Number of protein chains: 2
Amino acid sequence: MAVTIKDVAKLANVAPSTVSRVIANSPRISEKTKQKVREAMEQLSYHPNFIARSLASQSTQTIGLVMPSATDVVFQNPFFPTVLRGLSEGAHEKQYGLYMTTGKTDEEIYDGVVQMVQGGRVDGVVLLYSKVEDKILTYLQSQDIPFVVIGKPFKNVEEITHVDNDNFRATKEVTEYLIGLGHDHIAFVGGNLNFVVTIERLLGYEKALRDHHIPLNNDYIVHEQFLKEGGQEAVRELLSLSTPPTALVVADDLMALGVLNTLDEMGIVVPEDISIVSFNNVLLSEMSRPPLTSVDINIFDLGYEAAKSLIQMIKNPKEPTKRIIIPYELIKRYTCSHPNIERTVQV
Amino acid sequence: MAVTIKDVAKLANVAPSTVSRVIANSPRISEKTKQKVREAMEQLSYHPNFIARSLASQSTQTIGLVMPSATDVVFQNPFFPTVLRGLSEGAHEKQYGLYMTTGKTDEEIYDGVVQMVQGGRVDGVVLLYSKVEDKILTYLQSQDIPFVVIGKPFKNVEEITHVDNDNFRATKEVTEYLIGLGHDHIAFVGGNLNFVVTIERLLGYEKALRDHHIPLNNDYIVHEQFLKEGGQEAVRELLSLSTPPTALVVADDLMALGVLNTLDEMGIVVPEDISIVSFNNVLLSEMSRPPLTSVDINIFDLGYEAAKSLIQMIKNPKEPTKRIIIPYELIKRYTCSHPNIERTVQV
DNA sequence: TTGTACGCGTTATCAT
DNA sequence: ATGATAACGCGTACAA
């Protein structure tokens, strides 16, 4: 059996409650006693039992993390290690730990969340994604446990604390950047429409076109998964159009990488034949050929701020709901140029 | 206050201990009583309190995860989401949860591990990496908490349960594959030598050369970080040699991607001018130009088996130490060919 | 088959 | 400034 507060008390000749107060560094204990107790702790190499502490204080000092289905392709996205890093750092700074649930099916994940919330394993929860219809979000709202979502909630935006980028504006600006370059045949390659971020980006794209009186063309809007295969199919569809686009807004770097490959296979050169902008600016966006022009959404900060504001909510239950918008920045690399009429390809 | 076992007991007209037994599905309770109690639980929507349960039973049903420093480039490697997925699935199947620690410095991580172990937050630990000198590993051995490491321990291999690939053999085979293709100027581009996996792969490479009486050349061995910048520098160094290699064994896909880029920039074509094999076969290895010939090490299984055997150790403290070797497979894609004397480049 | 009573290691309340 | 003592919610030996 491990050494407990009682052992320390005995050795230091004080009551267990005194030891407890020393741990909490209560000002009502004399320096002399504190010293004595600390020495005893040192000597026995005492470490407080978190479980017992949690039970007594009704707080676990840990944050629950809800990921999308582990089998989902999205999970493979380098986005996650990075948010995790931010989350981890934000939590660590305030001495909070991280508890994870995942699962293969949505049902499994849901059960996991219920367990950890009702089971009192965590003091709060962060949802690492935002989907259109989400049982888990609904559940979280029905309990009175603090939680924050990373991404924009599909509904009740005003009532849910969340950390997000202004994806609408970002995509609008990026599209306008292409328009400014002279493009007027711009396509949108989006991911899974169940994720709110896809919707926001699509809306931003459409808004830009409308503002500049460029007709929307349904054939120019393709939705696929965030990953490779998606990108490939999307490109083939797009380029088999009678008038193929001269520029692409791609919702994710990984997908853009797939696009780049397909293009290369087809002998189409970027950016001379077709321009591309994408999102997230993950590590490999600078490792592609050519390096991707991509919107840096500061993934780390998304996680970091989520952790920080969740902890605030935990500590102060009356904390108002907040919306935290993380800035973004277009990183211009080598996938965008003026449209080149001469080289326009017909497939 | 949440609904407890007592509330259920009251409603069902039984003692709290009976409820507890129903939860544990004790055979000593009559079906009738079980039914009655379960109805009461349902009605009150009771959920057992994990913390209290943990305290009473002295087991948390959670596994602690130790990652490398979050700031380390390695953390960005797609390797991690994938092991995490395996770990998660293995744990989930046995109803275990996952608790994470990370930190910016090694010191922070170390403290985190001590907290979670001594604090009794977890029943066991899995080390997600294997380094040459590791305070954390030493600490874990000094405690009597079950733990398993993913990768090969640097020393005391026989005494530490671990899950690994046979990286030595894999690299040897892969090098022989290149030799079989006709290459005899083969370089090795490895990652951080503090990671045991790097060492193993280097050793396998050297062994292959020796077995085939190809002289080892120190200039042909380059160590850099696993990531991009590393790859680039390595390539420049290598190709500035008087007789540059015609083939490269690269220790990691991400790094190989960097290599590919630099080569492309230098106008060197793969595989005609130089052949490349790499490791891990992460998603983007098929997304590169050309798609990478890479050793699939079954990352998911690494995590899955680690979780499974850790849980066995937790349940059965007398479980012998084990070494679990996960198979690998060379996935041949388009970065290897016979050496082409004609096209050999001099830089 | 079920109930009683105590312990798990803390924190918190109330005395002193 | 410090010490008893009662929770916290559950598991379990022992009793009935």
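Determine, yes or no, whether A:K32 is within 9 Å of DNA strand D (Cβ to nearest atom) and surrounded by 16 or more Cβ atoms within 10 Å (Cβ to Cβ).
So A:K32 does not fit the description; no.
When segment B:119-130 is filtered for residues that are more than 13 Å from chain A (Cβ to nearest Cβ), in a loop (DSSP other than H, G, I, E, B) and of a type outside the set (G, A, S), only B:Y129 remains.
Residues in segment B:174-216 that are touching a residue at least 24 places away in the same chain (Cβ under 8 Å), in a loop (DSSP other than H, G, I, E, B) and more than 20 Å from the chain's Cα centre (by Cα) were compared, and the one that is nearest to B:L238 (Cα to Cα) is B:H185.
Can A:I268 be described as closer than 24 Å to B:P290 by Cβ, in a strand (DSSP E or B) and not assigned by TED's automatic domain parsing to the domain that holds A:L84?
Spelling it out, it is not the case that A:I268 is closer than 24 Å to B:P290 by Cβ, in a strand (DSSP E or B) and not assigned by TED's automatic domain parsing to the domain that holds A:L84.
For segment A:94-129, name all the residues that are out of contact with any helix residue (DSSP H, G or I) (no Cβ under 8 Å at 6 or more places or on another chain) and away from DNA strand D (no atom under 16 Å from the Cβ). Those that are out of contact with any helix residue (DSSP H, G or I) (no Cβ under 8 Å at 6 or more places or on another chain) and away from DNA strand D (no atom under 16 Å from the Cβ): A:Q95, A:T105, A:E107, A:D111. Among the residues of segment B:106-118, some residue qualifies, meaning at least one is more than 10 Å from chain A (Cβ to nearest Cβ) and under 19 Å from B:A306 (Cα atoms). Only one of the numbered conditions (1) within 16 Å of DNA strand D (Cβ to nearest atom); (2) of a type in the set (A, V, I, L, M, F, W, C); (3) at pLDDT below 95 is not met by B:F79, and that is (1).
Summed over segment A:271-297, residues that are closer than 24 Å to A:D184 by Cβ and buried (at least 22 other Cβ atoms within 10 Å of the Cβ) total 10.
Taking segment A:1-110 and the helices (runs of 4 or more DSSP H) fully enclosed by it, the elements with 3 or more residues that are within 8 Å of DNA strand C (Cβ to nearest atom) are at A:5-12, A:16-23, A:50-57.
The values are calculated or read from the model by the stated rules, or taken from the named source; none is laboratory data. These numbers come from a predicted model, not from an experiment. Please note: Cβ atoms are built from the backbone with ideal geometry, for glycine as well, and neighbour counts cover all protein chains shown.
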